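Structure, as structure tokens:
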Ligand SMILES: C[S@@+](CC[C@H](N)C(=O)[O-])C[C@H]1O[C@@H](n2cnc3c(N)ncnc32)[C@H](O)[C@@H]1O
């Protein structure tokens, strides 16, 4: 049993729950409590803060460029869905009052919107650069954690699009046409930890440890061996049959909440796209024998820790996705894979290099002081850094009748192809780029 000897790490609420559960619970239950318990969880209580001054940064925390680069892709998809519904975008302009009364048949859904910053920036980009399309769109936020939703509501008071918060299950009751964005959300779903004991895979549990003469503390212990029925699933990940290179004690994660999440998400979208952006490894890399501790990490106040038991409810806990498991679960849940890319590739295809260039040669009338330009340059480079955010994976899926034209070839910079949802003003004067899609035939 691994133990932690710091009493302060064991909050009373957790001690009571563990005692009520007989002294231990599966790691997955512990992780769900530590993140999503409405009173004590790091997200549930709203304790975690995302941003440069918060606990950890995500791509949107680095500034508005991430949303600006992503917006054309989302607009492209929304425009295609609008065309499929026969919406008259040209006739959509009108008075503000008419716009308020107009039905909003298209949904831009963000699940797990965090601080709400990305949702706000995307709504602003849509309203500014694609006003006719925006006139048919509403922003739908799916956030199960009350503490986070409260801050999102404040932030999104400034949204130019109407906003609604719904539960995923409620969306499934009245499905929408639209685009779902899941940015760093699936990595917050509780994972199962499993440990190889030399003969069997065992579920790892979090237990109270009460060793005589020592303070009570938390520990990780081996639980039941995995059911033999799990073997086909383990085999598909390369975890079965046993590999002698995995020593006893070798530990990793499984993602049992991903498939239900994808299926519920599919049930909420009758026709549309899903973009998942997250840390991910292929099964081959995720479960490679040399990765002997899995990918689970804890974050707080910009500090990273490999210990998931530290001050439960105060740290973000996160595990990478397994891209093979994600794609399989998505397919089984009703999604069709359009393509996947590293974030670096996706953002470059969406015009990041041109944006960098634009910092050196601001458009007429645009004023950029040196410090701002350097700060934005650094942020843009961080977004594509292959050792950091640039290694994130973008997975695009469609549901029901996604037009094949979506899956377009990227072209060299000088000759990018045309798209329907081009904003009225180009980012860079003299450059009239057709919209670059980041997808290619998978
Ligand atoms: C790592 S944060 C990412 C926030 C934001 N997308 C960003 O990139 O800055 C995870 C977010 O997902 C939310 N979340 C956790 N579980 C969720 C679930 N099952 N469905 C939707 N959102 C969830 C959390 O409350 C939090 O807002």
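None of the figures in this text is laboratory data; all of them are computed from the coordinates on show. Treat the numbers as computed from the prediction; the structure is a model and nothing was measured. Cβ: placed from backbone, ideal geometry, glycine included. Neighbour counts: every protein chain shown.
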Taking Cα atoms of the range 119-209, Rg/Rh with Kirkwood Rh, to two decimals?
1.19
One computes Rg over Rh for the range 160-202 from alpha-carbon atoms, with the Kirkwood Rh, and obtains 1.26
Centre separation in Å (Cα based) which lies between the range 35-92 and the range 203-230
38
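Please report the orientation-averaged projected area of the range 24-170, defined via the convex hull of its C-alpha atoms, in nm². The partial results should precede the final answer.
On the way: hull surface 41.4 nm².
Across all orientations, the range 24-170 yields a mean hull projection of 10.4 nm².
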Just to confirm the number: angle between the C-alpha axis of helix 27-36 and the first principal axis of the chain, 0 to 90 degrees, nearest 10?
50
Grab the Cα-Cα distance for residue 259 and residue 360, subtract it from 0.36 nm times how many residues apart they are, and report the gain in nm with one decimal.
31.9 nm
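Would you mind ranking 30, 392 so that the residue whose beta carbon has the fewest other beta carbons within 10 Å leads the list? Show your work: numbers first, answer last.
Working: 30 27, 392 23.
Ordered by Cβ neighbours within 10 Å, fewest first: 392, 30.
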Using a 7 Å offset from the Cα along the Cα-to-Cβ direction at both residue 211 and residue 173, what is the distance between the two label points in nm, to one decimal?
5.1
Just the projected area, averaged over all directions, of the convex hull on the alpha carbon atoms of the chain: how many nm²?
23.2
Could you give the angle, 0 to 90 degrees to the nearest 10, between helix 258-267's Cα long axis and the longest principal axis of the Cα atoms of the chain?
40
Checking 124, 340, 360 against a Gaussian network model of the chain (alpha-carbon springs below 10 Å), the top fluctuating residue turns out to be 360
Per-residue ellipticity at 222 nm for the chain, helices alone: DSSP H runs ≥ 4 residues times -39500 (n - 2.57), over residue total, nearest 500 deg cm²/dmol?
-9000 deg cm²/dmol
Taking the chain as a Gaussian network, Cα atoms linked when under 10 Å apart, which of 58, 372, 264 shows the biggest mean-square fluctuation?
372
Anyone know which of 71, 42, 373 comes out most mobile in the 10 Å Cα GNM of the chain?
373
For the chain, the longest principal axis of the Cα atoms and the Cα long axis of helix 370-384 enclose an angle in degrees, to the nearest 10, of 60
Stretched out fully, how many nm does the piece from residue 225 to residue 158 gain, at 0.36 nm a residue minus the Cα gap?
19.0 nm
